[in-house]
Every structure is written in C-alpha cells, then in structure tokens.
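The values are calculated or read from the model by the stated rules, or taken from the named source; none is laboratory data. All of these numbers come straight from a predicted model, not from anything done at the bench. No Cβ is skipped: glycine too gets one built from the backbone with ideal geometry, and neighbour counts run over all protein chains shown.
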Amino acid sequence: MSVVDAFRANRPGVVRAMESVRALSDALDRMNSGMKGDMDMNASDLATLRMLIIREQRGQMVSPHDVASHLRISTASTTKLLDRLAASGHLERRPHPSDGRARVVVLTPKSRAEFFRHFGAHLAAMVAVAEGFSDEQLATIAEFVDGLSEAISGSD
C-alpha cells in the first residue's frame, strides 16, 4: 500500500484534519515568505528571530548551540548567521549571567519591534479566530497541534 493509499484509507475526519494542516502550512509559508522579503532576511534568519521570541516569552535563555540545534545547522553556519544578525542590529551576544565562559543570544528592541510590526496583524487575526472557540476546544486543538509538532520533530 502506498503512502497516498494509506492516507486515503483514513477516517474522513482524519483526512479533513490533515487537509487543514496542509492548508495552514501553506498559509504560514506564504506569510513567512512575505516577512522574509519585507525584513530582507533569509529563512534561517527569520527562524532564529522566531525562536528567540518564543524562548524569550518562556523566560528561557538561548545559546548559540541552541540556535544550531534548532535550525539543524553547523556551528560554523550558526556563527555566520549570528554575525549577520548582530551586524544588522537584530540580536546581541551577551555573557551568560551565571557562566562567564558561555554566551547567550538576545533580541534587540529594534528586532522585536520590527518582527511584531510585520507579524502583528497576522497574530491579531489568528487570536481573533482562536477567540471563537471554547477553552475546552482550544485545549483539544492545542493537544492535536502539539502532537503533530512532536511527530514531525521526532521523525527527523
């Protein structure tokens, strides 16, 4: 049985959910492409900023190694990426607060403002959609999306 046949053999609800995931992925790709052009960045640059914003909101520090692991790129490529983003004023490398030998990577206020200027309208529209669902429905949606994220990340 081929992958396509296996997909078609699923329950109608599963097929519909997977079609929605594919449509969301396409919409996110289009949004990211627009942001890359507007912000004059490549995909890795934008992914790094997104990662830093998410980790910042969680109160987590980010090391250059964390960036390399997240993007699945070499340390040499990570150094070039961080140099480029630092030179453009989007991030800074700072000493780790408790380990003077280590460094952390942080967003600059300029970068944060620029990112949200480009992403803010999309975020507001997504929040408006989410507000149409109950907390119980959102918990189920979050569980589903988290499970997909783990399935994809775990298979690499």
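Applying the selection to region 78-112, what residues are touching a residue at least 60 places away in the same chain (Cβ under 8 Å) and more than 18 Å from A43 (Cα to Cα)?
Residues satisfying the conditions do not exist here.
If I filter region 1-38 down to residues being among the hydroxyl-bearing types (S, T, Y) and part of a helix (DSSP H, G or I), which single residue comes out as modelled with the lowest pLDDT?
S33
Looking at the structure I just gave you, is T75 touching a helix residue (DSSP H, G or I) at 6+ places or on another chain (Cβ under 7 Å), loosely packed, with under 14 Cβ neighbours inside 10 Å and either free of Cβ contacts under 8 Å to residues at least 60 places away in the same chain or of a type in the set (A, V, I, L, M, F, W, C) (or both)?
For T75, the condition - touching a helix residue (DSSP H, G or I) at 6+ places or on another chain (Cβ under 7 Å), loosely packed, with under 14 Cβ neighbours inside 10 Å and either free of Cβ contacts under 8 Å to residues at least 60 places away in the same chain or of a type in the set (A, V, I, L, M, F, W, C) (or both) - is met.
I need a count of the residues in region 95-125 that are over 21 Å from the mean Cα position of the chain (by Cα) and surrounded by 12 or more Cβ atoms within 10 Å (Cβ to Cβ).
Looking only at that region, the number is 3.
Could you say whether any residue in region 126-141 is among the aromatic types (F, W, Y) and over 17 Å from the mean Cα position of the chain (by Cα)? Reasoning before the result, please.
Looking only at region 126-141, we keep the residues that are among the aromatic types (F, W, Y), and these are 133.
With over 17 Å from the mean Cα position of the chain (by Cα) added as a condition, the list becomes 133.
Yes.
Going by the conditions given, is M41 modelled with pLDDT under 85, surrounded by 13 or more Cβ atoms within 10 Å (Cβ to Cβ) and out of contact with any helix residue (DSSP H, G or I) (no Cβ under 7 Å at 6 or more places or on another chain)?
yes
Does T78 qualify as being closer than 13 Å to T48 by Cβ and either at pLDDT below 95 or not charged (D, E, K, R) (or both)?
yes
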